[in-house]
Each structure stands twice: as structure tokens, then as C-alpha cells.
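*Asks:* Following this message is one structure expressed as C-alpha cells.
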Amino acid sequence: MNTSKNNILVVDDEPDIRELIEYNLKKEGYRVATAANGKQAIVQAKREIPDLIILDIMMPEMDGIEACRLMRTMPEFKNTFMVFLTARSEEYSEIAGFNVGADDYIAKPIKPRVLVSRINAILRRNIQQEEPILNKLEVADLVIDRDAFMVFRDEERITLAKKEFELLYLLASKPGKVFTRDVILKSIWEDSVVVTNRTIDVHIRKLREKVGGNYVSTVKGVGYKFEIV
């Protein structure tokens, strides 16, 4: 049960979907408001200042992409998580969502337990962001020691190059969060002018070979994220 009582705004033009999501989130302890389209969402969001907004993409009057784009320009929503909910599986709609500032993407048909689990995980990121940088991460079956510059999997040491280590640490610091290529370039390589997207791909490939498992997944056209498998 959620004890932080986060505010969540659910935006969908289908009443049954809104009611299903609202019921399951309230049962988890969240405070929930609803809206039927993008225009209503902006009005309601300004009133509530939610911690997280669940936006359907295909809606009348104003779709979720446009609503998200507009709210991302408003300072009051700079710390609000935006999650898209849609029945569309086309890759371009996911890319469009991330490009306007989405934090995650949940596909219909809705599975209540999965939805609640994803929302809980996303809101936990906010707590992680407020905490100081940890020198040691223990995630999945990996231990990533920033001070010793070492990685262990089931107590077996894995040797990584400096940039591979930094890349793994960055992704593992926020499991489930999608890091765009631009963010990765700025975080790992800073202002180096010789680094390209191909450089990231090569480092990701080497990281997967050395660490093994399915920890790092690709979000096509956007970037990469760390999965807890």
C-alpha cells in the first residue's frame, strides 16, 4: 500500500478505462483525479499539480502528445512524471512520446497489477533523485562499486573499461528509466566532439557481452534503459 499519498491524474477519453485505472490506483492508496482529453487534462493538472499524469495518446480535442508537450513547457510541471497509455504499438508513437518528455509508456489492454507496479516504480524514482549519489549500487544480482571501480555478478568480478563502467552505473542508477542518447552523451562523454551515436552502440554491445543477461534494453529511436531481470 502506498503511504506517500501521491496525486495522480488519469487522462483517457474512455470512461471505462478511467474508472478501471482510478479504482486500482485508489486501492493502492493514491489520490486520483481524471480528465477526458488533453485540454481538460491541462486545466485539471494546473488545479491539482499532480505527481504523475497518465495520458492516453489518441483523444479528441487534444491528444496526449500535444498535452504533454504543452505541459512540459510549464514550470509547475517540471517535476511531474508523464506516462503514456495507448493501444497503439507503432514505434513512431513511442518515439513521439519520449521526444515530448514522457517518462514511460504503458500499452493497453491494461493489466491492473502491471499498471500499479509500473506506477509504483516510476514514483520511487522521485525518492531516488532526492537522495545523494550512492557510491555502491546493488541492483538485480549486480554490485556496482563506484569507489573501487568494480562490478560483481553473484560475487564474480567483471572487468569493465572506464566508459563501460560509467555507462552501466548511469543506467543502473535509475532502473526502468529511459536514458536518451543525448543524455548519455552529455553524462558520459560530456562535450567531446568526436563521440557519435555509434560510439554509444559499441559500448552498449561490449557491456552486454561482459555483464551478460538482459539488463540493458533498447528503446528504438530513443535510447537505453536498465531492466531488473
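*Asks:* List every residue pair whose Cβ atoms lie under 7 Å apart, where the two residues are 6 or more positions apart in sequence or sit on different chains, the first residue falls within segment 14-26 and is under 13 Å from Ile54 (Cα atoms), and the second residue, located anywhere, is open to solvent by less than 50 Å² (accessible area, probe 1.4 Å) and of a type in the set (D, E, K, R).
*Replies:* Note: pairs meeting the criteria are Arg18/Asp12.
*Asks:* Any residue in segment 202-215 that is touching a residue at least 24 places away in the same chain (Cβ under 8 Å) sitting within a Cβ distance under 7 Å of a residue that is open to solvent by 80 Å² or more (accessible area, probe 1.4 Å)? List the pairs, counting only those 6 or more apart or interchain.
*Replies:* What qualifies is Gly213/Val229; Tyr215/Val229.
*Asks:* Could you grab me the full set of residues in segment 32-65 that are within 19 Å of the chain's Cα centre (by Cα) and under 13 Å from Leu85 (Cα atoms)?
*Replies:* If the condition is that a residue be within 19 Å of the chain's Cα centre (by Cα) and under 13 Å from Leu85 (Cα atoms), then Leu52, Ile53, Ile54, Leu55, Asp56, Ile57, Gly64, Ile65 are the ones that fit.
*Asks:* Just one of Lys210, Lys225 is open to solvent by 60 Å² or more (accessible area, probe 1.4 Å) and at pLDDT 85 or above; which is it?
*Replies:* Numbers: Lys225 fails: open to solvent by 60 Å² or more (accessible area, probe 1.4 Å).
After ruling out the rest, the residue left standing is Lys210.
*Asks:* Which of the following residues is open to solvent by 30 Å² or more (accessible area, probe 1.4 Å) and in contact (Cβ under 8 Å) with a residue 40 or more places away in the chain: Thr196, Thr159, Thr218?
*Replies:* That would be Thr159, the only listed residue that is open to solvent by 30 Å² or more (accessible area, probe 1.4 Å) and in contact (Cβ under 8 Å) with a residue 40 or more places away in the chain.
*Asks:* Name the single residue, out of those in segment 84-131 being among the basic types (Lys, Arg) and not in a loop (DSSP other than H, G, I, E, B), that is modelled with the highest pLDDT. Working first, answer last.
*Replies:* Step one: of segment 84-131, the residues among the basic types (Lys, Arg) are 88, 108, 111, 113, 118, 124-125.
Filter again for not in a loop (DSSP other than H, G, I, E, B), leaving 113, 118, 124-125.
Working: Arg113: 89, Arg118: 84, Arg124: 77, Arg125: 66.
Result: Arg113.
*Asks:* Report the residue count in segment 137-191 for those that are in a helix (DSSP H, G or I) and in contact with a Gly (Cβ under 6 Å, 6 or more places away or on another chain). Even if it seems obvious, please write down each step before you answer.
*Replies:* Taking segment 137-191 as the starting set, the residues that turn out to be in a helix (DSSP H, G or I) are 162-172, 181-189.
Narrowing further to those that are in contact with a Gly (Cβ under 6 Å, 6 or more places away or on another chain): 181.
Residues meeting the conditions: 1.
The values are calculated or read from the model by the stated rules, or taken from the named source; none is laboratory data. Quick caveat: nothing in here was measured; it's all calculated off a predicted structure. Using ideal geometry, Cβ is built from the backbone for each residue, glycine included, and neighbour counts are taken over all protein chains shown. Heavy atoms of the whole protein, side chains included, go into the accessibility calculation; ligands, DNA and RNA do not. Shrake-Rupley method; radii C 1.70, N 1.55, O 1.52, S 1.80 Å.
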